[in-house]
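A short worksheet on the structure shown next.
Please treat every number below as a calculation from the coordinates, not as lab data. The model shown is predicted, which means the values in this text are computed figures rather than measured ones. All Cβ positions, glycine included, derive from the backbone under ideal geometry; neighbour counts span all protein chains shown.
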């Protein structure tokens, strides 16, 4: 291969790399849907319901303490104490978890960029707490 042809090929490859690197998916494409901001929150609570195999209406539900640092869609902070259903994250098991167990629950929340909209949330980890753990279901102070 002569040197002139080699330079032309290298130049063409460089231009192609620059063009490809500068391309971005449009906002409506599926690639844009993967740019979620994911935040994990850990909260203590008590298991209210565990899924029953074969019962599609049963779910994993936890009554949890308030989460002052929780970021709502739009940016407002705080989530009051409540009972919530949680979808299980990939590979997560509830083996050994029973109704009434006190737990430390870590859940992931996926937001749109800028926290404009909450996309989904799901449990990623559950750790059983000692039975004598005292939980505090006091609501957050009302903000004006």
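In table form, for the structure just shown:
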item	result
Nitroxide proxy distance, nm - points 7 Å out along Cα→Cβ at residue 136 and residue 82	2.1 nm
Alpha carbon centroid spacing (whole Å) that separates the range 47-62 from the range 79-138	14 Å
Proxy reagent accessibility, fewest Cβ within 10 Å first, across 142, 125	142, 125
